[in-house]
Amino acid sequence: MSDASEKRQDPRIPLILQVQYPDQAGALKDTTENLSAGGLFLRTDRTLAVGDRLPLQIGFPGLLPPLTIEVEVVRQRRADESGPAGVAVRVPTDRDEDRRALARLAATRPGGAAPPRPFRILVVEDNALLTEMLRHALGRIGTTDGQPLDVEARFVVDGEAALRAIAAEPPDLLMTDLFMPVMDGFAVLERLRANPSTRTLPVLVVSSGGEPARSRALALGADVYLGKPVPFADLIATLRLLLVRR
């Protein structure tokens, strides 16, 4: 994965997707950091050794159907200033169909007509500075490869306001903090997953709560968990790619 020639052949794109482990029932979900036609990087605290092979299911609920592939661990990274802990994996040479499937996912060319209405994102965040940063970042989604992406972002400051907003006009994606006044993000997740009309709403959690918060949020039904500080460039690149694939 670190070989320069491989980087030239398979350019990496930042893409934050949900990772599940089909052979480990009940295991908490992880996320990708980037991917290419030949492999990807997993943000994970799992104990995985170089040479380990395992099946992965990657996707984004409600936005990108899951893709199941087999990968081989080629490099480990400890948590430090360069990023969270994780492993680089590649598709083994004897898994041609998996490599072709991953290459199709890594292709950034959009297809199809523009959606008939804006993609609605509801952001729940009580930090005014972070709210403005998210507002600016989401406003940069704009146009990808000539295809307009009409995104409508709404912002609320607590969980009760979020539930009212969802009841009035369900979003396509909920992006929420966990630690907020009035009603926190954990309670929001519990309410959403208990309600049949919102049980499948894609939820991306952004929080500084660390591993305890991550584990609890994923157990309550969050689809993807990102730790603060938010990787804005990766987040926007992911949304761009997911939206043109709708």
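The values are calculated or read from the model by the stated rules, or taken from the named source; none is laboratory data. Note that the structure is a prediction, hence the values are computed from the model and not measured. Cβ coordinates were reconstructed from backbone atoms using ideal geometry, including for glycine residues, and neighbour counts include every protein chain displayed.
Here's the yes/no breakdown for (1) in contact (Cβ under 8 Å) with a residue 40 or more places away in the chain; (2) more than 24 Å from residue 242 (Cβ to Cβ); (3) in the same structural domain as residue 238 (by TED's automatic domain parsing):
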| position | (1), (2), (3) |
| --- | --- |
| 44 | yes, no, no |
| 61 | yes, no, no |
| 65 | no, no, no |
| 68 | yes, no, no |
| 72 | no, yes, no |
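Of the candidates 132, 125, the single residue that is modelled with pLDDT of 90 or more, assigned by TED's automatic domain parsing to the domain that holds residue 237 and surrounded by fewer than 19 Cβ atoms within 10 Å (Cβ to Cβ) is 132.
Mind checking which strands (runs of 3 or more DSSP E) fall wholly inside the range 154-246 and carry at least 2 residues that are farther than 30 Å from residue 107 by Cα? Even if it seems obvious, please write down each step before you answer.
On the way: elements: 173-176, 203-207, 224-227.
Strands (runs of 3 or more DSSP E) meeting the threshold: none at all.
Can you name every residue in the range 28-51 that is exposed (fewer than 13 other Cβ atoms within 10 Å of the Cβ) and of a type outside the set (Ser, Thr, Tyr)? Can you show your working first?
To start, the set of residues in the range 28-51 that are exposed (fewer than 13 other Cβ atoms within 10 Å of the Cβ) comprises 47, 49-51.
If the condition is that a residue be exposed (fewer than 13 other Cβ atoms within 10 Å of the Cβ) and of a type outside the set (Ser, Thr, Tyr), then 49, 50, 51 are the ones that fit.
Tally the residues that are closer than 20 Å to residue 66 by Cα and either without any contact (Cβ under 8 Å) to a residue 40 or more places away in the chain or buried (at least 19 other Cβ atoms within 10 Å of the Cβ) (or both), restricting the search to the range 201-219. Qualifying residue count, the range 201-219: 6.
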